[in-house]
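Here the structure comes first, spelled out in structure tokens, and everything after it is commentary.
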Amino acid sequence: MSGTESFDQFYRDTHRRVLTYLYAVCGDLNTAQDVTQEAYARAWQRWGRLSTYDDPEAWVRTVGWRLAAGTWRTAKRWLAARVRLAEPDVSAGPSPDNVAIMAALARIPAAQREAVVLHHLCGQSVAEIAEATSTPAGTVKARLSRGRSALAVLLTDSWEATENV
């Protein structure tokens, strides 16, 4: 299989998982799509080397995560400016459940969020997460446990608030 064909197959096999992961960790579909596209573009440029890795998908996820983090900093500054200008938001909103989940994910520490998203949305095992993030398996388990506990409290509060409306 040629380099182009192997990359195309890799992209087809992994794109949806990477996009889902990045959407869950950054909370914005447009941003997730942008950083996913950029991460795969960078992977394509390095495909000769990446194709020999045990898990090139982990490399793409890591690059996407780092790109998203840079985007968050930019977005945070943009939102602060937008609030100062009091420009109304005219976009159609997502479902209340998605809002609650994304808001709850945004309120837990980034390391816990990453572990929860990789495990529950991307279907990765503790061992896979540990390898992909260069973190001991025990630390991943602790992050999952703490993340789940925090989300349980945050989501219970969110749903109770919507029931009282």
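The values are calculated or read from the model by the stated rules, or taken from the named source; none is laboratory data. Here the structure is a predicted model, which is why all the values come from computation and not from measurement. For neighbour counting, all protein chains shown are included, and Cβ atoms are generated from backbone atoms with ideal geometry for every residue, glycine included.
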Looking only at the range 21-62, how many residues end up being of a type in the set (A, V, I, L, M, F, W, C) and within 14 Å of Tyr11 (Cβ to Cβ)?
8
Inside the range 1-72, counting only helices (runs of 4 or more DSSP H) that do not spill past its ends, which hold 3 or more residues that are out of contact with any helix residue (DSSP H, G or I) (no Cβ under 9 Å at 6 or more places or on another chain)?
3-26, 29-45
Any chance the range 64-82 includes a residue that's of a type outside the set (A, V, I, L, M), at pLDDT below 90, surrounded by 14 or more Cβ atoms within 10 Å (Cβ to Cβ) and farther than 21 Å from Lys141 by Cα?
yes
Do you know which residues across the range 1-46 are of a type outside the set (S, T, N, Q), surrounded by 13 or more Cβ atoms within 10 Å (Cβ to Cβ) and in contact (Cβ under 8 Å) with a residue 40 or more places away in the chain?
Phe7, Phe10, Arg17, Val18, Tyr21, Leu22, Ala24, Val25, Cys26, Gly27, Asp28
State the number of residues belonging to the range 140-156 that are over 13 Å from His119 (Cβ atoms) and either touching a helix residue (DSSP H, G or I) at 6+ places or on another chain (Cβ under 6 Å) or not aliphatic (A, V, I, L, M) (or both).
4
Are any residues in the range 118-150 crowded, with 22+ Cβ neighbours inside 10 Å and assigned to a helix (DSSP H, G or I), and if so, which ones?
Leu118, Ile129, Val140, Arg143, Gly147
In the range 88-125, which residue that is touching a Lys or Arg at 6+ places or on another chain (Cβ under 6 Å) and modelled with pLDDT of 90 or more is nearest to Ala58 (Cα to Cα)?
Ala115
Looking only at the range 96-115, count how many residues are acidic (Asp, Glu) and either surrounded by fewer than 21 Cβ atoms within 10 Å (Cβ to Cβ) or over 20 Å from Arg17 (Cβ atoms) (or both).
1
